[in-house]
1. Rounding to the nearest 10 and keeping the result within 0 to 90°, find how far the Cα-based axis of helix 14-23 lies from the longest principal axis of the chain.
2. How large is the helix-only mean residue ellipticity at 222 nm for the chain, computed as the sum of -39500 (n - 2.57) over DSSP H runs with n ≥ 4, divided by its residue count, in deg cm²/dmol to the nearest 500?
3. Under a point spin-label approximation (7 Å from Cα along Cα-to-Cβ), what is the Thr87-Asp66 distance to one decimal in nm?
4. Fewest Cβ neighbours within 10 Å first, please rank Leu50, Leu77, Leu24 accordingly.
5. Using a 10 Å cut-off around each Cβ, can you sort Asp66, Asp117 from fewest to most neighbouring Cβ atoms?
6. Considering just Cα atoms, how many Å³ per residue does the convex hull of the stretch 1-59 enclose?
7. Report the extension gain between Arg53 and Glu35 in nm, rounded to one decimal, defined as 0.36 nm multiplied by the number of residues separating them, less their alpha carbon distance.
8. Give a residue-ordered list of calculated ³J(HN,Hα) values for the stretch 72-88 (Karplus: 6.51 cos²θ - 1.76 cosθ + 1.60, θ = phi - 60°; whole Hz; x for Gly, Pro).
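No value in this document is a laboratory result; all are computed from the given coordinates. Small disclaimer: the values here were computed from a predicted structure and weren't measured. When we count neighbours, we look across all protein chains shown, and the Cβ atoms used for this are built from the backbone with ideal geometry, even at glycine.
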Amino acid sequence: MPTMLFVNLAVADLARARAFYESLGYSINEGFSDENAVSVVISDTITAMLLTREFFAEFTSKPIIDATTSTEVQLALSADSREEVDTLHGRALAAGATPAGEQDHGFMYSKSFDDLDGHHWDFVWMDPAAAAGGAPELSVEEIRANTTHS
């Protein structure tokens, strides 16, 4: 069985967060969704669990950050093409996300956004030939030169 990834995200407004992820084209697993949580199926092996802040707090003794002012994690999802990166990013922005930059290194292309609760996401495409051979060496200067922040 492939390893499953469950990303648990604290959200301020569960209904608003659900509508946002549905507008990106993701489906909801109603069997694991209720008034405290929404299970967003991203792929066969990736699920984003949107949890009310109160419910999220039941799983940790640490303070829950405000993702609009602090970075908790950067989440990246692969896309099949540059065009798909643009399409998915466009859907996110149309649903109310905030643009958060983009990178174009030729062999790798990505666009970033912060969702309605401030969680940082990237859609990334990598040239299959480059991926098979490993990523080319890039200096910090080259990365900075090909990166824009919104």
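1. Around 40 degrees separate the two axes.
2. Taken over the chain, the calculation gives -7000 deg cm²/dmol.
3. 3.7
4. The most exposed by this proxy come first: Leu77, Leu24, Leu50.
5. Asp66, Asp117
6. Convex hull volume per residue, Cα atoms: 80 Å³.
7. Between Arg53 and Glu35, full extension yields 5.3 nm more.
8. Karplus values, whole Hz, x for Gly and Pro: 9, 6, 10, 9, 10, 10, 7, 10, 7, 7, 4, 4, 5, 4, 4, 5, 5.
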